[in-house]
Amino acid sequence: MREVAIAGVGMTKFGISEKSNLEMFAEAGLEAIEGSGVEPKDIEALFFGNCLGPFEEGQAHMAPFAASELGLPMSAPATRFEAACATSTVAFRHAAYLVGAGVYDIVLVGGTERAAAMGTSLATRTFAMGAQSKYESPAGLTFPGVFAMAAHMYAKKYNIPLEELKRCMAEVAVKNHYNGSLNPKAHFQKEITVDTVLNGMMVADPLQLFDCCPFSDGASAVVVAEANKVGDLVKQPIYVAGMGQASAGALYLQKDLTRVRARETSIRHAYDEAGVGPEDIDVCELHDCFTIAEILAIESFGFYDFGKGYDAALIGETGLKGKKVINPSGGLKAKGHPIGATGTAQITEIVQQLRGECGDRQVEGAKIGLVDTLGGDFGTLCNIILRSS
Amino acid sequence: MSYTLTFSQYHEGLKEGKFLGLKCDDCGAYTFPPLGVCSNCGSSSMQVTEIEERGTIRTFTVIRVAPEGMTPPYAIVIVELEQGPWVMGNIVGLNPDQLNIDLIGRNVIMGSQPVKGDMFTREDIRVLTFHVA
């Protein structure tokens, strides 16, 4: 397998957009291509992520139109990936392996989504299509509901008073909103307090509005290429050190919702491939679709023992000045969550952190970064470990 | 290889008050609702059997922001059945606004009720329900 690196990254501001899925993707894609010192004609394939285009815009089969927007050559196959919220992370993993295998030298990976454009009711319905349609969706399952059930199980299993757990969850939201306030591309760029969270509307007991990430519009893209080629193109290649992806069935089959088994499987593969362990990770962008989700993730990665990670944000260990910086971009919580675009936006943040380009939210001296994206109700997990040298 | 117990057959069972599942010929585990293979050992050699209704609540939530077509508030539970399978459904017979974490661990009896279909599901569909034993 050849060494693979990232040459350039691009993303739109996340939030509410008047632009179409394709227009947003064109912006992100051109930014990534220009930042890589290549031209659209040099791109040999497009790995394109979008989940809900048919509901957002009546647009299926978006990948070839995306290639056309960017002026990619006809010889570059453009293929759509869909893995719910993990869509563009999964696309990235497949792209990187095909470059590593020598099938392509330079490819573009990314995603686009107009989740906000659907409105809350239709967005909640179509997001819920990521759950099992015969045996889960008829109960009225929503994604906040999935993580709400995980939160209740966590409190019960570890015998933590629910009010204490909720306060610790609120600290995750406060931290990620603070980080988002330092990120000009974040959906929300305002700080909040614990009271903001605890006084919010109840969405799915015990999760309140500020425990939940928003529906966002946005796009992101990265140029992936054979490492020597990237070294010729840009000053600071960011290398793909290791990757993992794992799959699980319906939520009820997973039984203990405090342990995301697919994540444990995925991260083990990524750590092994990279030859690193939890102690080596300097910065992490993880799937904080809900505050409890960040707590589950840091335990899965081995940053904390199971049942011990819930107060990490409260005691400041996962903040920008903490020992294990989690979601410096603001995470899904504050940066926003345009589902098909989320994974390559997480990769974009880690690339910029490893290059030292993040200004006020820069994690000093970060050399190894971890990306984590969860799709559906614990069904798809994908992890990418990147390094700067 | 033909699918042993389809959703359609399972669903017809629910209409008749039966909970049709699968018993593995190799490991003896029960799979409910149905899958292509045994949820415990992966064997495709399974027999259709009726599943017993008793179980214990393992977690829950009350949905207050619902998908299009659903009317909140309503409670969702995950239940461990006495025969082993874990299943998802709705709590019935309790006020969703009066539930708290003490619901976890309560013993329940399984039933089912129809849910109105929408333009995506095309037809009405029965959901598992649970009431406190």
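Over all distinct Cα-Cα pairs of chain A, the Kirkwood formula returns a hydrodynamic radius of 20.3 Å.
Per residue, the convex hull spanned by the Cα atoms of segment B:34-133 amounts to 125 cubic angstrom.
Packing order of peptides B:20-29, B:112-121, A:137-146, highest average first: A:137-146, B:20-29, B:112-121 (average count of other Cβ atoms within 10 Å over each peptide's residues).
Bridging of A:Lys41 to lysines at a Cα separation below 20 Å is possible for A:Lys229, once same-chain residues fewer than 8 apart are set aside. Remark: segment B:1-103 carries a charge dipole of roughly 140 debye about the Cα centre, counting +1 on each Lys and Arg Cβ and -1 on each Asp and Glu Cβ.
Ranking of A:Lys134, A:Lys335, A:Lys175, A:Lys323 by neighbouring Cβ atoms within 10 Å, starting from the fewest: A:Lys323, A:Lys134, A:Lys175, A:Lys335. Fewest neighbouring Cβ atoms within 10 Å first, the residues A:Phe147, B:Phe32, A:Phe301 line up as A:Phe301, B:Phe32, A:Phe147. Protection proxy ranking for A:269-279, A:239-249, using the average of other Cβ atoms within 10 Å per residue and placing the highest first: A:239-249, A:269-279. Calculate the length of the line joining the C-alpha centroid of segment A:261-299 to that of segment B:33-83, in whole Å. Centre-to-centre (Cα) distance: 28 Å.
Computed packing ranks the peptides A:27-38, A:209-220 as A:209-220, A:27-38, most packed first, by mean other Cβ atoms within 10 Å. The mean number of Cβ atoms from other chains found within 10 Å of a Cβ in peptide A:109-121 is 1, as a whole number. Distant-in-sequence amide contacts of A:Phe81, defined by a placed amide H-H separation under 5 Å and a gap of 5 or more residues or a different chain, comprise A:Phe48, A:Gly49, A:Asn50. Sequence-ordered 3J(HN,Hα) estimates for segment A:327-340 from the Karplus curve with 6.51, -1.76 and 1.60 and θ = phi - 60° stand at 6, x, 6, x, x, 4, 4, 10, 5, x, 9, x, 2, x Hz, glycine and proline given as x. Neighbours of A:Gly376, meaning other residues whose beta-carbon lies under 13 angstrom from its beta-carbon, give a summed charge of -2 when Lys and Arg score +1 and Asp and Glu score -1. Only helices enter this figure: runs of n ≥ 4 DSSP H residues, each worth -39500 (n - 2.57), summed and divided by the residues of the protein assembly as shown, yield -8500 deg cm²/dmol at 222 nm to the nearest 500. Under 5 Å from the amide H of B:Gly111 lie the amide H atoms of B:Thr129, B:Phe130, B:His131, each residue being 5 or more positions distant or on a separate chain, with H modelled from the backbone and absent for Pro and chain starts.
Take every pair of alpha-carbon atoms less than 8 Å apart whose residues are at least six positions apart; their mean separation over the length of segment B:53-111 yields a relative contact order of 43 percent.
Across peptide A:143-154, the average count of Cβ atoms from other chains found within 10 Å of a residue's Cβ is 5. Note on chain B: with a GNM built from Cα contacts shorter than 10 Å, the maximum mean-square fluctuation among B:Pro67, B:Pro96, B:Pro34 falls on B:Pro67.
Here the protein assembly as shown is treated with +1 on each Lys and Arg Cβ and -1 on each Asp and Glu Cβ, and its dipole about the Cα centre works out to around 440 debye. Local charge sum around A:Tyr239 (other residues, Cβ-Cβ under 10 Å, Lys/Arg +1, Asp/Glu -1)? Charge balance in the 10 Å sphere: 0. Other residues within the sphere of radius under 11 Å centred on the Cβ of A:His187, judged by their own Cβ, net out at +4 (K and R +1, D and E -1).
Since only B:Gly84, B:Val62, B:Cys38 are under comparison, the one whose Cα sits farthest along the positive direction of the charge dipole of segment B:1-98, derived from C-beta charges on Lys, Arg, Asp and Glu, is B:Val62. Here segment A:333-353 and segment A:110-135 have alpha carbon centers that stand 18 Å from each other. Relative contact order of segment B:7-50: 36 percent, from C-alpha pairs under 8 Å at least 6 residues apart in sequence.
For segment A:171-187, backbone phi angles converted through the Karplus equation (6.51, -1.76, 1.60; θ = phi - 60°) give residue-by-residue couplings of 5, 5, 5, 4, 4, 6, 5, 4, 4, x, 5, 9, 10, x, 9, 6, 4 Hz, Gly and Pro being listed as x. Rounded to the nearest Hz, the phi-derived 3J(HN,Hα) couplings of segment A:156-167 under the Karplus curve 6.51 cos²θ - 1.76 cosθ + 1.60 (θ = phi - 60°) are 5, 4, 9, 6, 9, x, 4, 4, 5, 4, 5, 5, where x marks glycine and proline. Hey, with R₀ at 35 Å, roughly what FRET efficiency would A:Thr79 and B:Ala133 work out to, going by the Cβ-Cβ distance, to 0.05? Calculated transfer efficiency: 0.10.
Between A:Asp305 and A:Ser389, the distance separating the two model label sites (each 7 Å from Cα on the Cα→Cβ line) works out to 3.6 nm.
Per residue of B:27-37, other chain Cβ atoms within 10 Å of the residue Cβ number 1 on average.
For A:Met118, A:Met169, the sequence from fewest to most other C-beta atoms within 10 Å is A:Met118, A:Met169. Taking the Cα centre of segment B:7-50 as origin and assigning +1 to Lys and Arg Cβ atoms and -1 to Asp and Glu Cβ atoms, the resulting dipole is close to 80 debye. Here the contact order of segment A:277-389, divided by its residue count and restricted to Cα pairs under 8 Å and six or more residues apart, works out to 31 percent.
All of the numbers you see were taken from the coordinates with simple rules; none came from a lab. All figures in this text were calculated on a predicted structure; none of them were measured in a lab. All Cβ positions, even for glycine, are placed from backbone atoms using ideal geometry, and neighbour counts span all protein chains on display.
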